[in-house]
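This report concerns only the one structure given below.
The values are calculated or read from the model by the stated rules, or taken from the named source; none is laboratory data. Predicted, not measured: the structure shown is a model, and the values here were computed from it. When we count neighbours, we look across all protein chains shown, and the Cβ atoms used for this are built from the backbone with ideal geometry, even at glycine.
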Amino acid sequence: MSSVLDWEATPNPVKENRAGNIGKAVDRYEGPLKVTGTAPYAYEVEPPSPPAYGVMVSAEIAAGRITAIDTTAAEASPGVRLVWTHLNVPPQGPRPERYDFFTPSPRPALQSDRIYFFGQQVAIVIADTLENANAAAAKVAVTYEADAPMAIFHDHLDEGVQPPGEQDTEIGDFAAGFAAAPVTIDDVWRTPLQNHCQMEPCATTAWWDGDHLTVNTSVQMVRFAQNSLAETLMIPAKQVRLLTKYIGGGFGGKGSFYEDLVLAALASRELAQPVKIAFTRQQMMHGTVHRPATVQHVRLGATPEGRLTAMSIMTVTHCDSRGNFTEHASNFARSLYAAPNRLTGHRLVRMDLPVASAMRAPGEASGTLSLEVAMDELAEKLGIDPMELRILNEPDVDPETGKPFSIRQLVRCMREGAQMFGWGRRNLVPGQVRDGRWQIGVGMAAAIRGNMLLPAKCSFSVDAHGVITVRQGMTDIGTGTYTVLAQIAAETLGVPLGDVRVEIGDSELPPAPGSGGQFGAATAGSAALDAGMNLRKAITEIAVADSASPLFGGPSQDITFQDGVIAIANRSERLADLIRRNRPDGLTADGEIRPAADARNWSQHTYGAHFVEVGVDTVTGEVRTRRMLGVFAAGRILNWKTARSQLTGGMIWGVGSALTEGNSVDPRYGSLINQDLAGYLVPVQADIGEIDAIMLDEVDDKANPMGIKGVGELGISGAGAAVANAIYNACGVRVRDYPITPDKLLAAIMAR
Amino acid sequence: MKTTITVNGEARALDLDPRTTLLDALRETLRLTGTKKGCDHGQCGACTVLVNGTRINSCLSLAVMHDGDAVTTIEGVGQVGALAPIQQAFLTEDAFQCGYCTPGQICSALGMLAEVAANQPSQETTDLTGPIRLTDDELRERMSGNICRCSAYPQIVAAIRAVSGLPA
């Protein structure tokens with residue numbers, strides 16, 4: 001196993017960046033396809049013969065069982081090819097008692113008469129056209145025996161249990177430290193259930209060729225989905241080819257897969273015809289996953305000078321009745337501020353609700369909404385600038401583990417951001433600045449999000465034209481994977497970007513974990529770098545052994561790769577010429593990355609600072625974000641353009657979390673009240689004012705051989721808290737129940 | 001039902017189930033899958049196309065209502081290798097990430113710019129007496145029917161502004 005110290009000490013082309021491909025604002029590799037509408041998403045892939053269309057029927061109770069399900073009218077409906085319920089669906093692999101994030105396991109569909117949550121799929125109708133399938137699905141008559149669902153999280157907060165395999169972490173003596181602190185904050189924050197709302201609903205196009213299945217679907221993790229599907233269908237994984245070339249947004253919600261994939265595979269086998277199934281927007285809200293609500297109890301104790309002496313976040317959250325997903329809203333606090341006495345932990349309530357899972361920055365996205373506001377409150381109590389309070393409590397080493405930080409530029413993010421934003425010009429007293437009907441306020445918050453590296457493989461080929469092809473079972477969910485892999489390949493092999501092809505999103509390619517946890521670029525990219533280095537080596541060996549090559553005889557260690565030309569000293573030839581002469585069919589090399597054995601000896605994170613200016617209309621309760629600035633430190637940046645888009649995108653998610661996004665449960669039915677994009681309010685154009693994201697120069701040599709880290713989840717972390725703090729600065733009231741909608745804000749203003 | 005729709009300049013004779021939306025006729029019957037289905041309820045804008053030059057949500061319209069109409073989809077705006085200026089601007093400004101809302105954003109932008117050129121006011125328009133100034137607020141208001149969950153909103157504004165030819 002390698003050591004991070006080897007990575008740190010070993011030069012490589014990405015670090016050297018001689019051609020300047022790394023960090024450059026390169027346009028998206030697949031961009032021309034996306035702006036012309038010619039990138040085929042899962043439902044749009046052309047099957048080998050005309051497909052049949054599936055429409056799913058969803059449960060209308062949250063708990064109980066199906067007592068009768070009458071499909072006769074649906075089966076007699078025009079064009080219907082089959083109707084399946086739990087009574088006649090083909091056999092599938094058994095569902096494990098609990099799902100695990102990283103362990104493939106069967107995900108069987110339509111398994112029994114039991115209903116575990118509102119919107120659970122209870123039937124599938126396949127017909128010759130979408131219109132006929134829709135009409136027939138409406139004729140499936142389901143009779144239920146409904147139990148009273150346990151659906152209102154806030155009624156069950158004291159029933160939370162310790163999540164499996166976890167324990168609270170306590171350093172020092174929190175209770176004593178908090179009791180002794182002269183200045184304290186002790187408040188409770190609530191964050192709501194949120195929906196991912198990817199623009200592309202989950203969808204699958206499936207077909208069989210003999211006993212070999214091809215599925216085009218929309219998932220973030222290729223190999224996980226391939227293996228889980230194979231286990232569901234009870235066939236060897238090698239008989240399943242899973243393709244996911246273009247994905248219309250993931251955000252964690254496509255980390256696993258759903259009934260569209262399983263039922264399309266089963267139905268196309270049954271009908272010997274390609275089958276397409278898509279979720280409706282309404283089915284997406286219940287039938288996939290969501291970010292669960294949290295209640296966070298934050299307690300801070302400090303000296304009058306602003307030194308934290310005690311710090312605690314205890315989070316209560318929920319998951320579905322058969323789940324164990326925990327929204328770890330307290331975890332990030334373990335590494336953020338120094339305090340000798342600390343207590344963090346989680347309690348989990350299993351509810352008759354749809355399945356909870358990861359949504360963009362699980363943990364940090366929810367947790368920063370409490371602690372980063374609590375810090376603002378503490379700063380005000382102490383009469384200290386909230387940024388200076390954070391800097392005062394900046395730890396030298398990880399405050400919980402005592403491990404050194406790989407690199408930590410949080411203070412620099414805050415200082416540089418403050419200067420660019422004009423933080424020093426703000427009015428310390430809330431409610432003092434007015435612009436017409438708007439009361440203006442500014443707020444800031446820190447951002448932190450962990451960093452990870454997972455095992456991955458990759459292959460690189462060069463052909464007789466000198467074109468490099470990167471192959472990897474990786475995904476691009478809008479993150480820029482295609483583009484950064486092309487940049488790494490161009491830099492490593494010294495070819496123009498236009499001479500690189502990238503093939504991803506296919507289970508037949510070398511496995512990579514996929515997109516999630518902002519580990520994608522580092523993981524996939526590090527495997528790509530290794531493959532590139534191995535291809536360089538293979539090319540070098542051929543060149544120095546080829547008497548027809550000017551490079552014949554070496555010395556190998558002096559070889560350079562630049563502009564499609566390989567050279568040793570002043571002897572050179574085109575890479576294409578060497579390959580055409582020696583390997584007319586091309587040359588391939590494999591590579592891989594594994595986490596270093598000592599990677600966990602360092603505390604590794606990405607950091608940032610958010611600054612926001614809002615306007616609050618204290619008559620209507622309306623809040624507008626006028627100006628946002630985020631300054632981030634996240635290792636070497638591979639592509640300035642795509643990284644910046646991810647960061648500003650995340651910041652805008654923070655605005656949604658602060659102001660509009662949240663779903664409520666209907667106590668009568670255990671359903672989510674907002675079932676579509678008219679009710680569940682994601683930010684739209686008019687919600688977002690001026691916004692910018694700055695990336696500081698940074699290299700984290702302990703993260704991976706390239707010194708890069710992820711940015712996909714950093715931007716949301718802390719952004720909503722900065723908005724909440726700005727609202728306080730504008731109008732002098734705090735709403736600790738997100739989202740801060742006009743009704744809540746007006747009530748708080750009236751109560752003041 | 002027999003319906004003839006001119007799609008991207010070409011007359012297409014269709015025999016459609018009358019329940020077929022314009023969106024599904026484009027995607028499933030004509031296999032023009034550039035037009036996206038994000039919600040099927042007129043809430044997200046991913047299915048925006050131009051009908052006789054006016055932007056509409058194609059999911060809210062039955063195909064048979066468009067007999068004789070001229071429909072422009074993203075495939076008619078420009079092609080790989082021959083991108084329209086608005087498509088090139090989206091690429092240059094990185095005005096998308098996952099790309100699923102992008103065809104709708106682009107068609108919507110084209111329709112929107114035509115509305116501004118025709119001096120059609122919006123909620124943000126303060127002066128109804130002169131030509132409309134395409135301020136950022138005006139632009140954002142007019143593009144708010146197109147959701148981008150990746151939230152490339154600032155880049156979309158930049159891309160549209162780059163081709164609008166209109167002063168801010």
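Tally the residues that are within 18 Å of residue A:281 (Cα to Cα), in a loop (DSSP other than H, G, I, E, B) and more than 12 Å from every other protein chain (Cβ to nearest Cβ), restricting the search to segment B:46-75.
Summing the residues that are within 18 Å of residue A:281 (Cα to Cα), in a loop (DSSP other than H, G, I, E, B) and more than 12 Å from every other protein chain (Cβ to nearest Cβ) in segment B:46-75 gives 1.
Residues in segment A:419-438: is at least one assigned to a strand (DSSP E or B) and of a type in the set (Gly, Ala, Ser)?
no
Given the conditions (1) of a type outside the set (Lys, Arg); (2) touching a strand residue (DSSP E or B) at 6+ places or on another chain (Cβ under 7 Å); (3) assigned to a loop (DSSP other than H, G, I, E, B); (4) away from chain B (no Cβ under 14 Å), which single one is not true for residue A:26?
It fails just one condition, (4).
Only one of A:170, A:231 is more than 14 Å from chain B (Cβ to nearest Cβ), outside any loop (DSSP other than H, G, I, E, B), acidic (Asp, Glu) and crowded, with 16+ Cβ neighbours inside 10 Å. Can you tell me which?
A:231
Looking only at segment A:204-218, which residues are more than 18 Å from residue A:93 (Cβ to Cβ) and buried (at least 23 other Cβ atoms within 10 Å of the Cβ)?
A:205, A:207, A:216, A:218
Looking at (1) within 13 Å of chain A (Cβ to nearest Cβ); (2) touching a residue at least 60 places away in the same chain (Cβ under 8 Å), which is the one condition that is false for residue B:162?
(1)
Please find, among A:138, A:179, the residue that is exposed (fewer than 15 other Cβ atoms within 10 Å of the Cβ) and within 14 Å of another protein chain (Cβ to nearest Cβ).
A:138
So for segment A:44-54 (the condition being within 14 Å of chain B (Cβ to nearest Cβ), β-branched (Val, Ile, Thr) and out of contact with any strand residue (DSSP E or B) (no Cβ under 9 Å at 6 or more places or on another chain)), does at least one residue qualify?
Within segment A:44-54, not a single residue is within 14 Å of chain B (Cβ to nearest Cβ), β-branched (Val, Ile, Thr) and out of contact with any strand residue (DSSP E or B) (no Cβ under 9 Å at 6 or more places or on another chain).
Which pairs do you get when a residue that is within 23 Å of residue B:43 (Cβ to Cβ) and within 14 Å of chain B (Cβ to nearest Cβ), found in segment A:254-282, comes within reach of a residue that is acidic (Asp, Glu) and in a loop (DSSP other than H, G, I, E, B), reach meaning Cβ atoms under 7 angstrom, with the pair 6+ apart or on two chains?
Close Cβ pairs (under 7 Å, with a partner that is acidic (Asp, Glu) and in a loop (DSSP other than H, G, I, E, B)) amount to A:280/B:40; A:281/A:676; A:281/B:40; A:282/A:676.
Assess whether residue A:588 counts as being under 19 Å from residue A:495 (Cα atoms) and without any contact (Cβ under 8 Å) to a residue 40 or more places away in the chain.
no
So, of the residues in segment B:96-111 that are buried (at least 24 other Cβ atoms within 10 Å of the Cβ) and within 8 Å of the chain's Cα centre (by Cα), which turns out to be nearest to residue B:161 (Cα to Cα)?
B:109
Rundown of residues vs (1) closer than 28 Å to residue A:333 by Cβ; (2) crowded, with 17+ Cβ neighbours inside 10 Å; (3) touching a residue at least 12 places away in the same chain (Cβ under 8 Å), yes/no style:
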{"position": "A:536", "(1), (2), (3)": "no, yes, yes"}
{"position": "A:543", "(1), (2), (3)": "no, yes, yes"}
{"position": "A:559", "(1), (2), (3)": "no, yes, yes"}
{"position": "A:562", "(1), (2), (3)": "no, no, yes"}
{"position": "A:584", "(1), (2), (3)": "no, no, yes"}
{"position": "A:598", "(1), (2), (3)": "yes, no, yes"}
{"position": "A:603", "(1), (2), (3)": "yes, yes, yes"}
{"position": "A:611", "(1), (2), (3)": "yes, yes, yes"}
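Here's the yes/no breakdown for (1) under 25 Å from residue A:670 (Cβ atoms); (2) more than 14 Å from every other protein chain (Cβ to nearest Cβ); (3) touching a Phe, Trp or Tyr at 6+ places or on another chain (Cβ under 9 Å); (4) at pLDDT below 95:
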| residue | (1), (2), (3), (4) |
| --- | --- |
| A:208 | no, yes, no, no |
| A:218 | no, no, yes, no |
| A:223 | no, yes, no, no |
| A:251 | yes, no, yes, no |
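Quick check on segment A:3-23: of everything there that is in a loop (DSSP other than H, G, I, E, B) and hydrophobic (A, V, I, L, M, F, W, C), which residue is surrounded by the fewest Cβ atoms within 10 Å (Cβ to Cβ)?
A:19
Can you tell me which residue is farthest from residue B:41 (Cα to Cα) among those in segment B:112-159 that are in contact (Cβ under 8 Å) with a residue 60 or more places away in the chain and touching a Cys at 6+ places or on another chain (Cβ under 8 Å)?
So, considering only residues that are in contact (Cβ under 8 Å) with a residue 60 or more places away in the chain and touching a Cys at 6+ places or on another chain (Cβ under 8 Å), the one farthest from residue B:41 (Cα to Cα) is B:156.
Inside segment A:71-94, can you point out the residues that are farther than 15 Å from residue A:56 by Cβ and among the hydroxyl-bearing types (Ser, Thr, Tyr)?
A:72, A:77
Matching residues to (1) surrounded by 22 or more Cβ atoms within 10 Å (Cβ to Cβ); (2) more than 30 Å from residue A:367 (Cβ to Cβ); (3) of a type in the set (Gly, Ala, Ser):
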{"position": "A:424", "(1), (2), (3)": "no, no, yes"}
{"position": "A:431", "(1), (2), (3)": "no, no, yes"}
{"position": "A:435", "(1), (2), (3)": "no, yes, no"}
{"position": "A:464", "(1), (2), (3)": "no, yes, yes"}
{"position": "A:469", "(1), (2), (3)": "no, yes, no"}
{"position": "A:476", "(1), (2), (3)": "yes, no, no"}
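Could you please find all residues in segment B:88-103 being part of a helix (DSSP H, G or I), within 22 Å of residue B:57 (Cβ to Cβ) and either more than 8 Å from every other protein chain (Cβ to nearest Cβ) or not hydrophobic (A, V, I, L, M, F, W, C) (or both)?
B:102, B:103
Looking at (1) free of Cβ contacts under 8 Å to residues at least 12 places away in the same chain; (2) crowded, with 24+ Cβ neighbours inside 10 Å, find the lone condition where residue A:575 falls short.
Condition (1) is where residue A:575 drops out.
Would you mention how many residues in segment B:76-87 are facing another protein chain (nearest Cβ under 8 Å) and in a helix (DSSP H, G or I)?
The number of residues fulfilling the criteria is 2.
Restricting to segment B:96-108, count the residues that are farther than 18 Å from residue A:247 by Cβ and of a type in the set (A, V, I, L, M, F, W, C).
The number of residues fulfilling the criteria is 2.
Please find, among A:435, A:396, the residue that is acidic (Asp, Glu) and touching a residue at least 60 places away in the same chain (Cβ under 8 Å).
So the residue among A:435, A:396 that is acidic (Asp, Glu) and touching a residue at least 60 places away in the same chain (Cβ under 8 Å) is A:435.
Scan segment A:654-708 residue by residue and report those that are within 14 Å of chain B (Cβ to nearest Cβ), in a loop (DSSP other than H, G, I, E, B) and out of contact with any strand residue (DSSP E or B) (no Cβ under 6 Å at 6 or more places or on another chain).
A:660, A:675, A:676, A:677, A:678, A:679, A:681, A:682, A:683, A:684, A:688
Rundown of residues vs (1) out of contact with any helix residue (DSSP H, G or I) (no Cβ under 7 Å at 6 or more places or on another chain); (2) charged (D, E, K, R), yes/no style:
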residue: A:473; (1), (2): no, no
residue: A:479; (1), (2): no, no
residue: A:483; (1), (2): no, no
residue: A:514; (1), (2): no, no
residue: A:518; (1), (2): yes, no
residue: A:525; (1), (2): no, no
residue: A:530; (1), (2): yes, yes
residue: A:543; (1), (2): no, no
